[in-house]
């Protein structure tokens, strides 16, 4: 998944051992979404650099249910993503500077060049398997915690 337009920093807490790098060579961190119906835990790859963000989840045949990728932005910016060369549907979770979900673009269309915009400035975008947010009851306003 690539950012069509974006602006473009992580440490683990003292109580957590660092995770191994992903098969793509990216840092991985734990991420928790705190919803009304409980905590939803993921392990996510961190796409920090412009190159990592441009590559995103392109050419992957699947995204496991408990995995994803996060695109951090500091300072927060308005972003627009597309699904070029992305083979599977994704849920794009736009996270505001307050750590709360501002928008969810559900089941984005694989291979589409149509822009998927954040609308408001975001501090991060989380991509997870398409349909997973609805399946877990994740909603706008839920809080996202991850080591930056």
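Counting pairs of alpha carbon atoms under 8 Å apart in space and at least six apart in sequence, what relative contact order in percent does segment 85-128 give?
Over segment 85-128, the number comes to 49 percent.
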Worksheet entry | Residue exposure sequence - 145, 91 - by fewest surrounding Cβ within 10 Å | 145, 91
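Relative contact order (percent) for segment 19-76, with alpha-carbon contacts under 8 angstrom and 6 or more residues of separation?
Relative contact order of segment 19-76: 29 percent.
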Worksheet entry | Overall form of segment 91-138 per C-alpha gyration tensor (a/c, 1.5; a/b vs b/c) | oblate
Item to complete: Only helical DSSP H runs with n ≥ 4 go in: add -39500 (n - 2.57) per run for the chain, normalise by residue count and round the 222 nm mean residue ellipticity to 500 deg cm²/dmol.
Response: -1500 deg cm²/dmol
Worksheet item: Label-point separation (nm) for residue 74 and residue 109, each offset 7 Å from Cα along Cα-to-Cβ?
Response: 3.7
Discussion item. For semi-axes √(5λ) of the Cα gyration tensor in Å, one of (1) 27, 20, 13; (2) 20, 17, 16; (3) 39, 15, 13 was computed from the structure I shared and the rest are decoys. Which label?
Written reply: (2)
Worksheet item: So how do 138, 101 line up by other beta-carbon neighbours within 10 Å, fewest first?
Response: 101, 138
Discussion item. Under the 0.36 nm per residue contour assumption, what length would be gained going from the current alpha-carbon distance of residue 66 and residue 34 to full extension?
Written reply: 10.1 nm
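Could you list 108, 49 in order of exposure, starting from the residue whose Cβ has the fewest other Cβ atoms within 10 Å?
By the 10 Å Cβ count, ascending: 49, 108.
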Response to the item:
In nm, the gap between the two label points placed 7 Å beyond Cα toward Cβ at residue 19 and residue 117 is 3.2
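Laboratory data are not the source of any read-out in this text; all were calculated from the coordinates shown. Nothing here was measured: the structure is a model prediction, and the numbers come from that model. Backbone-built Cβ (ideal geometry, glycine too); neighbour counts: all protein chains shown.
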